[in-house]
Each structure stands twice: as C-alpha cells, then as structure tokens.
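Notes follow once the structure below has been shown.
Values quoted throughout were computed directly from the atomic coordinates according to the rules given, and no laboratory measurement underlies them. Bear in mind the structure is a predicted one, so any value in this text is a computation, not a measurement. Cβ coordinates were reconstructed from backbone atoms using ideal geometry, including for glycine residues, and neighbour counts include every protein chain displayed.
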Amino acid sequence: MEYGAFSHKGLQRKSNEDYYYIPENEDKPAIMMVADGMGGHNAGERASRLAVEYVVAYFEKNKDNLKYTEELIQAIQDSIEQANEHVLDLSRTEERFSGMGTTLTLVVFDEDRFHVAHIGDSRCYLIRNGIVRQITRDHSLVQELLDHGSITKHEMNIHPKRNVITRALGTEDKLRIDCFEEILQSGDIILLCTDGLINYVDLEKVAADLPQNISMVQLAEMLGKEALAAGGSDDITITAARYTGMEKRGENHAR
C-alpha cells in the first residue's frame, strides 16, 4: 500500500479540529482514519484526536490476535465503541469538554478487501479506473432532506445547515456505526476526507483527470490546495491509499 495525507485548518478557523491517521512503515493491520471534531474552545480538537488515538492504541494492543477476518471486524466495532465511551466520559466529567464529539471514518485493509466503519459526515470514496464512488452515507440533516426529496444533490452542498450532523462519536451511550466491505482491485485508490474538502472540490472531475503516476502524497496535497484555492473556510483533511495487489496479512490465515 502507498499512503498520503493532507490536513489544514482552512482559511477562517483559528485551529484545526480535524485529526487523521495513516499507517507507519508496514503496520498490520493497516488502518486509515479521518475525524472531524466538534465542540467549543478546544473540545472538538480534543475529541477527534482522542477517538483516533484510542482506536490506534486498541489495534496496537490486540494486533497479534487479529489473524482472521471475523476477528478484525469485531475489533473494529469494539475499538470504536470503547473510543465512544472514552470521549463521552471525558465530556461528562470535565465541563470544558461538555458537548464535544467527532465524526469518524475508518478503513482497515484486509488482504484483497477493505472494511469501512463510519459515523458522521466525513466520507470514504473508492476511485477505480478514473471513476469515483462514495462508499459511506452522510449522517447529516441535508442527507435526510435529500433522501426525502426535499432538496437536490446540488442544494445539499450549498444548504445553510449542511454542517448539522445527526450522528457523532462521543455524544450518546449507544453508538450506531455504519459498516461496509469492498473487494479491492490493483490500482484502486481509497480516499477519506472531512467535509472541508467535499464542499469545495468536485471529486468526480478530479478522478477523471488524475495522472496515472500521481503519488498519494501528491494527490492529497493537490486536493487540499484546490479546496483552499476555492475558498475553503472549514478544516480540510484528506487521507489516501493505493492498493498494489501485493498485500497479504499472513500465509495461513483462513477467512
């Protein structure tokens, strides 16, 4: 796998409340995440960082016990639920963090497939042969309005309440997590991003014009700079991974 990332506080924010993770070296299992925090003062920044770091620590602690796909899927669920408890407890016990929460979109690569877990309005996309496909579905007010036919897809991107989300990690005891699984093909690009990118960049157009040899670092930086050039006022975070077709978790690990 090849990875790249970009994160910026945008043109109007005082601080960056997004947080992300991409694998270092040849970490197994390979995890990639983006999180977009919310809350007053530094609470959003704290929530996104805590959630990501907790999930990473969970997988680091349990990585030797994740030999089978079923164990990996359970670990994704458990790590996010425990991260939710951790963030929620902090928001309830420290007044300065009251009301904080975060989106979380996570990908775990599992040989020739990837698993996605998702809460909020950050997104996961699959780019294959110049065509982009959104894997996740936003947990947002505008998504609900779109589903009910009250607004169009174009109106969804410019609606004054487009930042209102209906699910977030760290805001309630019972967390509802959307989960997806996709088969990988050599050359596939998996892209995670916060809404600071989505509101300013047409990914379908970008995917159709991508140079074949672009690195994931170049891709993430190109998208981030395009969002800023378009007036990106919100935090902008992108992580990207390209599948080479050579990844294996182990020789004798049955599914």
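Restriction of the GluC sites (Glu not before Pro) in region 15-73 to DSSP coil positions whose beta-carbon has at most 14 other beta-carbons within 10 angstrom yields E24, E26. Span-like helix check, the chain: no full DSSP H segment qualifies, none having both a Cα axial length of 27 Å or more and a mean Kyte-Doolittle of 1.6 or more. Spatially, region 57-76 and region 148-221 are offset by 26 Å when compared through their Cα centroids. For region 9-47, applying the loop criterion from DSSP together with a ceiling of 15 other beta carbons within 10 Å to the trypsin sites (Lys or Arg not before Pro) yields K14. Here's how it looks for A30: its modeled amide H is under 5 Å from those of F109, which are all 5 or more places away or on a different chain.
Our estimate of slack between A229 and Q82, defined as 0.36 nm per intervening residue step minus the Cα-Cα distance, is 49.1 nm. In a reduced charge model with +1 at each Lys and Arg Cβ and -1 at each Asp and Glu Cβ, the chain shows a dipole moment near 400 debye about its Cα centre.
Reported value for the chain: 125 Å³ per residue, from the convex hull of its C-alpha atoms. When the helices of the chain are scored as -39500 (n - 2.57) per DSSP H run of n ≥ 4 and the total is divided over every residue, the value at 222 nm lands at -10000 deg cm²/dmol.
Put simply, the amide H of S122, placed in the peptide plane, has neighbours under 5 Å in L104, leaving out anything fewer than 5 places away on its chain.
Modelled spin labels at E204 and R92, positioned 7 Å past Cα toward Cβ, are 4.4 nm from each other.
By the scheme Lys and Arg +1, Asp and Glu -1, what is the net charge of all other residues having a beta-carbon under 11 Å from that of A5? Neighbour charge sum, excluding A5 itself: -2. Between T105, T239, T171, find the one with the highest GNM mean-square fluctuation for the chain; connect C-alpha pairs within less than 10 Å. Residue with maximal mean-square fluctuation among T105, T239, T171: T171.
For the chain, modelled as a GNM whose springs connect Cα atoms under 10 angstrom apart, the maximal fluctuation among H154, H118, H86 occurs at H154. Scanning residues 5 or more positions from N42 or on other chains, none has an amide H under 5 Å from its amide H, with H placed 1.01 Å from N in the peptide plane. Once the Kirkwood radius over Cα pairs is known for region 74-220, the Stokes-Einstein relation at 4 °C and 1.567 mPa s delivers a diffusion coefficient of 77 µm²/s. Considering only P23, V107, S91, and ranking their Cα positions along the charge dipole of region 1-131 that arises from unit charges at the beta-carbon of Lys, Arg, Asp and Glu, the one farthest toward the positive end is S91. When the Cα positions of T136, I73, Y58 are compared along the charge dipole of region 41-170, T136 comes out farthest toward the positive end, with charges on each C-beta of Lys, Arg, Asp and Glu. Between T237, T166, T136, the GNM of the chain built on Cα springs shorter than 10 angstrom shows T166 fluctuating the most.
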